[in-house]
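**Student:** Pasting in a structure now, in structure tokens, and then I'll have a few things to ask.
The values are calculated or read from the model by the stated rules, or taken from the named source; none is laboratory data. Just so you know, these numbers come straight off a predicted model, no measurement behind them. Cβ coordinates were reconstructed from backbone atoms using ideal geometry, including for glycine residues, and neighbour counts include every protein chain displayed.
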């Protein structure tokens, strides 16, 4: 049952061959059995899940149908969930029970999904390996000595291990696409503004975007359909119509122009390059045309990101001061002591590193040299993408430079860790949608190929991913022990 | 002692009279129990986002148009970062580099009747902070976030004022204007209208400004005047005794009538301003501006000019009567009930007896115990000579305390003016008969005694004799003299 895709599950629910309660029980059982080895979950909500499943079954019995009605899911613990702990992977919010639902949560709830629990993540979404979580690292189901990627490592691992049909995630610099690639699942980061950020705990507001982990592009399309749309509570959400993503999946690729990003292919590790070569052959076989494109400013994306994201995070995380909610130090002497120790004890090392970096780049005397310059670089990168999309429909490249690495291997070298996102950050800086789909294995570990499209081109992007998955079976592979 | 020139610029904070806060839906009403008007956005819960209140923008634009300022087609909200318990987000959302209102100007009238133009540098929108409460809490401070997020318009003047009196005149004019525009209730006790004063001195003739001190949070016209006077004296004394003014923030203590240092420039926060990524730039088009322009009322200067022109009032009187919209309306209602020739009479009464009574009893004009119709009733009796101006004052006092009409009081108290020549003559005859010595003296050339006889007749008639008739009859009866 756990190997079925969302469409197949919905079909069986509709035909009353299975109930949402059975489905929910099945996945809760898998979590209970398999999660201890993975540590993908922070909070389980079994009781509520069974109640929600019963409610979904009642709706189904009443004749109601919906693509996600009765389907279980896992939310990344960055989304506020009414009455449920929302920790953001941090000691700072270990005791925080959100008093409201994020818009993403509310939309999926209204569609009749059943939340199994909340997934582990890098603290405040800051990390590329899920090792910065207060709740300990998540392990990659393909090899538990390896990281699952981050920051949405729990959602990725849980989806790969078939602990859930799908999971939500957020992507600020690659936090959906990179872990999707390293765990062999499909990960979609929509256009900035396509999905509401309301109720999603902010890391870097101008880059954060909610998205989805699923086992196919088709599943991702069904989920995006529910998540996407304008939200008056998020001023940066965009009021453009939401197309029918599932309907768009049938489009042939004949005549589609796919751009090969020169900057991505240069110096690519040979086995990674070989997998991409295979993927390009599939695409040309499907009638697409491939041509070289260049984004000359793309090499600036990692340094640009590590100015912009910390700057915004240093301000976004100021609200965690021990005063109104969250962690508060014992017996503060005075106000300064309360601030210093609550934050000093409540935040982990990577979060502090980014707060300090961000505070520095915004400081008087450094603002122009760092923040303003980074904004200019961001504009140049965005313009490069725009120019590329004058010539091609989508661009293609690897999602990550390497497969999943050993837990602990990069924790002491932040710069090496940051380079993991070298291929994913560009889309965030330009606000573009990107998807990572499994494209093969290196040393038994999954690798992903990444497609990036123009703003609001999710339908085209998902269709291209779907056509690829129709021609290949990489996305159907399950890690040993989880099939 | 050299001759010093005072240089003052004001930053006025006007609380905008919106129903809800600038970035949340909470109400802005004053005086509610602590923390009952703060929602999740005001409390800066994780995941919440600000949404700009369009009414606040309309009000800012209205102000901009009223001071002939440039309204920015594009303005940007920025974050001002600092930690304080009454600032839940750890940053205040304000406008920094790109304010909504650019350069404008305002005319003020000086004591000598001269008109001075004060430059307005800018006006920008921002949110207010909450309040810290220290009273009645042992070893603790309370925080009331009802005020957090209340919209403020910060109006920054050029350093154009040259005395405390000019500063007060400017502040009063802005106060008049924002109340005319109905964008601020102007209530200074409740803090709806307050200012910071930048004060410096320089030797007269010197072009370069002296070092300034900023006096924070002045919430009455009197405090503005006294604080500036104190500060000017302090600075002059300091320089003349060989010292130097340091750039700093000072607080005015109204009990001691002195300013005290709060923090020096070196201790000032580095606010790390940067554009708020949660809010889009505010784009204002011509049609928005024109729609706001259509809501502009007649402005104080326009009203004063009209009063002077249409009613033949002096510039001073016209200025006084247009100082508030309510006073102007009262005056116009009175004039409308009289023939045009009596506008000056109406002006004198509104500025004289009526304003005197309002001030004495601390009543505002909307709650005046004598309404315009009642005042018209009184002034008509002066105009038709039923009573003299002197008697009218007595009638007015009775109207004020008893609330009856002028005619009722005149009848009840028998104050009707005596215009029957025969009756006046018989009183005159009796007075002359009773004062033979004065009559002889008068006739021998002591002209001043004419007044004595007038006084005696008035006394005998209870002030009711028609003054003009009395003069004429008395002159003919007394005969002789030099007449």
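**Student:** Show the residue pairs that are 6+ apart or on different chains and have beta-carbon atoms under 7 Å apart, the first residue being within region A:332-351 and surrounded by fewer than 16 Cβ atoms within 10 Å (Cβ to Cβ), the second being outside any loop (DSSP other than H, G, I, E, B) and at pLDDT 95 or above.
**Tutor:** A:332/A:338; A:332/A:341
**Student:** Further question on the same structure: Identify, by number, the condition in (1) more than 14 Å from every other protein chain (Cβ to nearest Cβ); (2) over 20 Å from residue A:224 (Cβ atoms); (3) in contact with a strand residue (DSSP E or B) (Cβ under 6 Å, 6 or more places away or on another chain); (4) surrounded by 23 or more Cβ atoms within 10 Å (Cβ to Cβ) that residue A:77 doesn't meet.
**Tutor:** Tallying (1) more than 14 Å from every other protein chain (Cβ to nearest Cβ); (2) over 20 Å from residue A:224 (Cβ atoms); (3) in contact with a strand residue (DSSP E or B) (Cβ under 6 Å, 6 or more places away or on another chain); (4) surrounded by 23 or more Cβ atoms within 10 Å (Cβ to Cβ), residue A:77 fails exactly one: (1).
**Student:** When you look at residue A:216, is it in contact with a helix residue (DSSP H, G or I) (Cβ under 6 Å, 6 or more places away or on another chain) and modelled with pLDDT of 95 or more, yes or no?
**Tutor:** yes
**Student:** Which number in (1) under 26 Å from the mean Cα position of the chain (by Cα); (2) under 20 Å from residue A:313 (Cβ atoms) marks the one condition that residue B:82 misses?
**Tutor:** (1)
Matching residues to (1) closer than 30 Å to residue B:41 by Cα; (2) assigned to a loop (DSSP other than H, G, I, E, B); (3) within 14 Å of chain A (Cβ to nearest Cβ); (4) in contact (Cβ under 8 Å) with a residue 12 or more places away in the chain:
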position: B:255; (1), (2), (3), (4): no, yes, no, no
position: B:261; (1), (2), (3), (4): no, no, no, yes
position: B:301; (1), (2), (3), (4): no, no, no, yes
position: B:313; (1), (2), (3), (4): no, yes, no, yes
position: B:317; (1), (2), (3), (4): no, no, no, yes
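**Student:** Give A:262, A:271 a once-over and let me know the one that is more than 14 Å from chain B (Cβ to nearest Cβ), touching a strand residue (DSSP E or B) at 6+ places or on another chain (Cβ under 7 Å) and farther than 28 Å from residue A:387 by Cα.
**Tutor:** Exactly one of A:262, A:271 is more than 14 Å from chain B (Cβ to nearest Cβ), touching a strand residue (DSSP E or B) at 6+ places or on another chain (Cβ under 7 Å) and farther than 28 Å from residue A:387 by Cα, namely A:271.
**Student:** Then there's this: In this structure, does residue A:244 turn out to be farther than 20 Å from residue A:81 by Cα, more than 14 Å from chain B (Cβ to nearest Cβ), modelled with pLDDT of 95 or more and crowded, with 19+ Cβ neighbours inside 10 Å?
**Tutor:** Answer is no for this residue.
**Student:** Let me ask something additional. Across region B:93-112, which residue is nearest to the other protein chains (Cβ to nearest Cβ) among those that are within 30 Å of residue B:133 (Cα to Cα) and surrounded by 19 or more Cβ atoms within 10 Å (Cβ to Cβ)?
**Tutor:** Per the criteria, the residue is B:93.
**Student:** What is the number of the single condition among (1) surrounded by 24 or more Cβ atoms within 10 Å (Cβ to Cβ); (2) in contact (Cβ under 8 Å) with a residue 60 or more places away in the chain; (3) away from chain B (no Cβ under 14 Å) that residue A:150 does not meet?
**Tutor:** (2)
**Student:** Any residue in region B:383-391 that is outside the structural domain of residue B:469 (by TED's automatic domain parsing), surrounded by 16 or more Cβ atoms within 10 Å (Cβ to Cβ) and at pLDDT 90 or above?
**Tutor:** No, region B:383-391 contains no residue that is outside the structural domain of residue B:469 (by TED's automatic domain parsing), surrounded by 16 or more Cβ atoms within 10 Å (Cβ to Cβ) and at pLDDT 90 or above.
**Student:** I'd like the full set of residues that are touching a residue at least 40 places away in the same chain (Cβ under 8 Å) and in a loop (DSSP other than H, G, I, E, B), limited to region A:75-87.
**Tutor:** Within region A:75-87, A:77, A:78, A:80, A:86, A:87 qualify.
**Student:** Could you name every one of the strands (runs of 3 or more DSSP E) located completely within region A:156-221 that has at least 2 residues being within 14 Å of another protein chain (Cβ to nearest Cβ)?
**Tutor:** By residue number, A:167-170.
**Student:** Could you check how many residues of region B:229-253 are in a strand (DSSP E or B) and over 30 Å from residue A:367 (Cα atoms)?
**Tutor:** Residues meeting the conditions: 3.
A quick yes/no check of all residues on (1) farther than 30 Å from residue B:322 by Cα; (2) in contact (Cβ under 8 Å) with a residue 12 or more places away in the chain; (3) in a helix (DSSP H, G or I); (4) under 18 Å from the mean Cα position of the chain (by Cα):
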site	(1), (2), (3), (4)
B:97	yes, yes, no, no
B:108	no, yes, no, yes
B:116	no, yes, no, yes
B:148	yes, yes, no, no
B:154	no, yes, no, no
B:167	no, yes, yes, yes
B:174	no, yes, yes, yes
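**Student:** Here are A:324, A:319: which of them is surrounded by fewer than 21 Cβ atoms within 10 Å (Cβ to Cβ) and within 14 Å of chain B (Cβ to nearest Cβ)?
**Tutor:** A:324
Let's see how each residue does on (1) within 14 Å of chain B (Cβ to nearest Cβ); (2) in a strand (DSSP E or B):
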position: A:73; (1), (2): no, yes
position: A:89; (1), (2): yes, no
position: A:92; (1), (2): yes, no
position: A:99; (1), (2): yes, no
position: A:104; (1), (2): yes, no
position: A:118; (1), (2): yes, yes
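**Student:** If residue A:298 meets every condition in (1) away from every other protein chain (no Cβ under 12 Å); (2) more than 27 Å from the chain's Cα centre (by Cα) apart from one, which number is that one?
**Tutor:** Checking residue A:298 against (1) away from every other protein chain (no Cβ under 12 Å); (2) more than 27 Å from the chain's Cα centre (by Cα), the one that fails is (2).
**Student:** Can I ask one more? Just to be sure I understand, how many residues within region A:226-272 are assigned to a loop (DSSP other than H, G, I, E, B), closer than 20 Å to residue A:294 by Cα, touching a residue at least 24 places away in the same chain (Cβ under 8 Å) and out of contact with any helix residue (DSSP H, G or I) (no Cβ under 8 Å at 6 or more places or on another chain)?
**Tutor:** Of the residues in that region, 1 qualify.
**Student:** Taking region B:36-57, which residues are within 11 Å of chain A (Cβ to nearest Cβ), touching a residue at least 40 places away in the same chain (Cβ under 8 Å) and either over 32 Å from the mean Cα position of the chain (by Cα) or not in a loop (DSSP other than H, G, I, E, B) (or both)?
**Tutor:** Scanning region B:36-57 gives B:41, B:42, B:43, B:44, B:49, B:50.
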